[in-house]
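The values are calculated or read from the model by the stated rules, or taken from the named source; none is laboratory data. The structure presented is a predicted model; accordingly, all values stated were derived computationally and were not measured. Note: accessible area is taken over every heavy atom of the protein model, side chains too, but ligands, DNA and RNA are not part of it. Shrake-Rupley method; radii C 1.70, N 1.55, O 1.52, S 1.80 Å.
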Amino acid sequence: MVSWRGMTARAKPAQATHRLSIRVDLASGARIGPGKIALLEQIGRTGSISGAGRALRMSYRRAWELVEELNRSLGCPVVTTAAGGSGGGGASLTEAGEALVGGYRAIQAAAEEAARPHVAALARLGAEP
């Protein structure tokens, strides 16, 4: 943090990068963006909705709500769960969930490639005196 005459500003990170954020709004009402995709990826890694929520600093309830919203708006489950108990529960991505993550990441990669020269041009605007 840098302070000047009572005003506080955050110092710029040493390695700032430009970033493109993609959200897909489907006609079904499904809204798919980086947060939901990160949640699904974490569920795939951890095998748990609560573990995925913890990894993303999100409450279990919020993680569950996002999964349920995707299931409802897509019309098919993206995550399957097993009841808890002495052996513990668990969660995993369904085929639809895997396809959703893969499709989103493909859209993201294509958009980043197409946008790269345009983002660079926008960045140069901010660098001009």
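Given a 1.4 Å probe and heavy atoms of the protein chains only, how would you sort E41, E113, E95, E65, largest accessible area at the top? Let's see the in-between values first.
Working: E41 45, E113 115, E95 165, E65 70 Å².
Final ranking, largest accessible area leading: E95, E113, E65, E41.
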- Whole-percent carbon and sulfur contribution to the accessible surface of region 23-82 (1.4 Å, no ligands, DNA or RNA) stands at 50
- The answer for region 38-124, accessible area per residue at 1.4 Å probe in Å², is 59
